[in-house]
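This report refers to the structure that appears directly beneath it.
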Amino acid sequence: MSADGWRVGDRSLKRTQLPLLMGILNVTPDSFSDGGDHDHADAAVSHALQLIEDGADIIDIGGESTRPGATPVSEAEELRRTIPVIAALSSRTQIPISIDTTKAVVAEAAIDAGAAIVNDISGMTFDSRMLPLCAKRDVAVCVMHIRGTPQTMQQDPQYDDVVTAVRDFLKQRLAECSAAGIAFDRVCLDPGIGFGKTAEHNLQLMRAIPWLKAELNRPLLIGHSRKRFLSKLLGRPVEERLSGTVGVSVALASLGADLLRIHDVRATRDALVAWHAVAGT
């Protein structure tokens, strides 16, 4: 992670020996691997607290599925799903809470309820109100690369050079965040594994983590957990992708990823601790 880390609230989050872990909490009925598991507030809060006990450094709460082909939801429905959970969880933990949304209205309500991070899969391009909102509220942001929308992104994605294209997009968005008034150290970047990329594109991007970090000089978050490219590698359905996710997590740690966005916090934490103990890196 860059020397100044990622400023979230009044703290600076920094990778030490291991990447930080962002635990995924989908309060949706249709997310690709855990849809419907935590779509009631009490169950969602209970699961978030378990993720924290398992070692999560951040909890990322999303109320709209962004799997390929997902049906969009209204602002009102996304607010109904997420805000009670954020409000309840923020009163029970000091762990930073992230809202996973592309809608400024949802982001603002989440900040009011206790969220300290806005995680926007569109790189803050879907809603023109998002950049000024995040600047005004001085929150941390995670800016991701996507090609298309969740409804179109996997329809034959093509690049001349996916790594350069993602680098250029993220560099541009970083400059636009700065121009909007978002402090440089408030920004984390995400190359968008699975968002408008083939399995080979995803592998190229992950292999390029050291170069991307040097080019962008910001913390890099990687969201690979249980994703479809693993089925290309392993031939496993979504419910059998834990081992593949953990294996990729160790590889990403060795390449210098700063944060990993994952479903299975305990298994990933254990594997990373064991890897570090042996590798000593």
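The values are calculated or read from the model by the stated rules, or taken from the named source; none is laboratory data. Source: prediction; values computed, not measured. No Cβ is skipped: glycine too gets one built from the backbone with ideal geometry, and neighbour counts run over all protein chains shown. All accessible areas refer to the heavy atoms of the entire protein, side chains included, with ligands and DNA or RNA removed. Shrake-Rupley method; radii C 1.70, N 1.55, O 1.52, S 1.80 Å.
Things worth noting here:
- Taking residues in the range 227-238 that are β-branched (Val, Ile, Thr), and partners anywhere that are modelled with pLDDT of 90 or more, the pairs with Cβ atoms closer than 7 Å and at least 6 places apart or on different chains are 238/226.
- Within the range 157-175, residues that are over 15 Å from residue 217 (Cβ atoms) sit with their Cβ atoms under 9 Å from residues that are open to solvent by 40 Å² or more (accessible area, probe 1.4 Å) and assigned to a helix (DSSP H, G or I), at 6+ positions apart or across chains, in these pairs: 161/204; 162/200; 162/204; 163/204; 163/207; 163/211.
- Applying the criterion of being outside any strand (DSSP E or B) and at pLDDT 90 or above to the residues of the range 6-16, the residue that is most open to solvent (accessible area, probe 1.4 Å) is 10.
- When residue 180 is tested against the conditions (1) open to solvent by 10 Å² or more (accessible area, probe 1.4 Å); (2) touching a Lys or Arg at 6+ places or on another chain (Cβ under 8 Å); (3) farther than 30 Å from residue 232 by Cα, the lone failure is (2).
- Within the range 215-230, considering residues that are out of contact with any strand residue (DSSP E or B) (no Cβ under 8 Å at 6 or more places or on another chain) and either farther than 22 Å from residue 166 by Cβ or not in a helix (DSSP H, G or I) (or both), the one most open to solvent (accessible area, probe 1.4 Å): 228
- Sole residue being open to solvent by 30 Å² or more (accessible area, probe 1.4 Å) and of a type in the set (A, V, I, L, M, F, W, C), chosen from 267, 271, 253: 267
- Selection within the range 78-104 - in a helix (DSSP H, G or I) and either over 27 Å from residue 193 (Cβ atoms) or open to solvent by 50 Å² or more (accessible area, probe 1.4 Å) (or both): 79, 80, 83, 84, 87, 88, 90
- Sole residue being touching a strand residue (DSSP E or B) at 6+ places or on another chain (Cβ under 8 Å) and not β-branched (Val, Ile, Thr), chosen from 253, 267, 279, 271: 253
- Any hit, the range 141-162, residues being open to solvent by 10 Å² or more (accessible area, probe 1.4 Å), of a type outside the set (Ser, Thr, Tyr) and assigned to a helix (DSSP H, G or I): no
- Of the residues examined, residue 245 is not one that is assigned to a helix (DSSP H, G or I), crowded, with 18+ Cβ neighbours inside 10 Å and in contact (Cβ under 8 Å) with a residue 60 or more places away in the chain.
- Among the residues listed as 203, 212, 189, 174, the single one being closer than 26 Å to residue 247 by Cβ, of a type outside the set (Phe, Trp, Tyr), within 17 Å of the chain's Cα centre (by Cα) and part of a helix (DSSP H, G or I): 212
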